[in-house]
Amino acid sequence: MLLYGASGHAKVILSILKAMNQEVTGIFDDDPEKKEIHSIPVVGSYRADFLPNEPMIIAIGNNTIRRQLSGQIRHSFGTAVHPSAQIDTSAQISEGTVVMHGAIVQADARLGRHVILNTAATVDHDCVIGDFVHLAPGVTLCGSVSVGAHTLIGAGSVIAPNLTIGSRCLIASGSVVTTSIPDGAIVRGNPARIINRKSFRTL
Ligand SMILES: CC(C)(COP(=O)(O)OP(=O)(O)OC[C@H]1O[C@@H](n2cnc3c(N)ncnc32)[C@H](O)[C@@H]1OP(=O)(O)O)[C@@H](O)C(=O)NCCC(=O)NCCS
């Protein structure tokens, strides 16, 4: 397996792949200062001719950057699922997706491409998760929730059953979402309310 991005997020993916007994042969990163992570060499910027038959995982937490890179990469994409995660046999996980330590995916749930299901996050039955979504550590999705592409659901948030969360939303950490959320919305709190982007310093 190859990784793209020598970040903290990559360390967690390396931990998953080590637990899967899967060898990692190199990590691409544009930063020439980065030399290795946990003895895995950082091999420089992306090259399509570097071990071209090796699958890759994009180890970058930002959903937009992950999507942009996925369109430029020629390698095929692998998946990483930590052995401590519990994935029902009827659940579907698509290429590029990572499932971290202690996560749970229940019956008939579907995870799209390049999704991050972070540490101890749970996706209950019949949920549908779009491409490039990040469900941060400790997120709880109740049954039959739909999450649109590129949405970030922040750490520890809870989404009540049968709701639709739009695409490109930001659900602030610790939110309790009790109504469906339109595309592009930023929400926070319990119960979660839509907030103007200007309310936040970093957005
Ligand atoms: C939503 C978020 C991006 C806002 O970050 P920020 O721009 O640094 O926020 P600010 O410090 O400018 O805070 C602006 C206001 O929102 C409030 N606020 C910030 N985060 C909040 C949250 N998660 N829930 C409720 N209120 C929050 C602040 O208290 C502040 O309120 P005030 O104006 O009354 O003082 C951030 O809190 C967040 O939840 N990020 C997701 C983190 C995550 O889980 N990432 C995945 C990591 S693996």
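The values are calculated or read from the model by the stated rules, or taken from the named source; none is laboratory data. What you see is a predicted model, and the numbers here were worked out from it, not measured in a lab. Every residue, glycine as well, gets a Cβ built from its backbone with ideal geometry; the counts of neighbours run over all protein chains shown. Side chains included, ligands, DNA and RNA excluded: accessible areas come from the protein's heavy atoms. Shrake-Rupley method; radii C 1.70, N 1.55, O 1.52, S 1.80 Å.
Things worth noting here:
- In sequence order, calculated HN-Hα J values of region 56-61 (Karplus, 6.51, -1.76, 1.60; Hz; x Gly/Pro): 10, 10, 7, 9, 10, x
- All aspartates and glutamates inside 12 Å of K11 as judged from Cα atoms, apart from same-chain residues fewer than 8 positions distant: E36
- Spacing of the modelled spin labels on I65 and R193, each 7 Å from Cα toward Cβ, amounts to 3.3 nm.
- Per-residue HN-Hα couplings for region 154-160 [Karplus 6.51, -1.76, 1.60; θ = phi - 60°; Hz; x = Gly/Pro]: x, 3, x, 6, 10, 10, 5
- Sulfur and carbon atoms: percent of accessible area, the chain [1.4 Å]: 49 percent
- Along its principal axes, the chain has C-alpha extents of 47, 41, 26 angstrom, given from the largest down.
- The alpha carbon gyration tensor of region 74-116 gives principal lengths a ≥ b ≥ c with a/c of 1.5 or higher and a/b no greater than b/c, which makes the shape oblate.
- Region 94-191 shape via C-alpha gyration tensor axes, a/c threshold 1.5: rounded
- Couplings 3J(HN,Hα) for region 81-94, derived from phi with the Karplus relation 6.51 cos²θ - 1.76 cosθ + 1.60 (θ = phi - 60°), are 10, 5, x, 7, 6, 10, 10, 4, 5, 8, 6, 10, 10, 9 Hz, where x marks Gly and Pro.
- Nonlocal amide H pairs with I165, under 5 Å, H built at 1.01 Å: S146, V147, G148, I181
- Using every pair of separate Cα atoms, the Kirkwood estimate puts the hydrodynamic radius of region 2-70 at 12.2 angstrom.
- For the pair region 51-97 and region 119-182, the centres of their Cα atoms are 19 angstrom apart.
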